[in-house]
Amino acid sequence: MNIFEVGNAIRREKLVDYIAIHPQLCATDGDSFLTTLLQGDSTEQLYVAACDPTMQVKMYRDAMEAAGFSKENIHGVDIRNMSTEQAVDAIKKMLSV
């Protein structure tokens, strides 16, 4: 999978306001990144294409709490081991819910 092509496909169709790529959100610097991203009122919903959605909520819990971001506003999809096209399709499906 080419993650940059995945992001470009979603961006070109203007399905979200912005796209950010982080190499490992579940790492300590990922928590810092998410806390900064989610503070304030600029992000209402967070869509994450990475690993298992249930694990995403668990792993990002501290960052969401630090930012005052509700876990009900995070939506995830597992795109591991997918081709670029499969990942784009999975993200589009997640966004249409």
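Bear in mind these aren't lab numbers, they're just calculated from the coordinates by the rules spelled out. Predicted model, so just to flag it, every value in this text is computed and none were measured. Heads up, the Cβs are rebuilt from the backbone with ideal geometry, glycines too, and the neighbour counts pull from every protein chain shown.
Give region 35-53 a look and list any residue that's more than 19 Å from Leu95 (Cβ to Cβ) and not small (Gly, Ala, Ser), or say none.
Answer for region 35-53, where residues must be more than 19 Å from Leu95 (Cβ to Cβ) and not small (Gly, Ala, Ser): Thr35, Thr36, Gln39, Asp41.
If we only count helices (runs of 4 or more DSSP H) wholly inside region 13-97, which ones have 2 or more residues that are closer than 21 Å to Asn2 by Cα and among the polar types (S, T, N, Q)?
On the way: elements: 28-38, 53-59, 61-67, 84-95.
Because the criterion is at least 2 residues that are closer than 21 Å to Asn2 by Cα and among the polar types (S, T, N, Q), the helices (runs of 4 or more DSSP H) in region 13-97 that meet it are 84-95.
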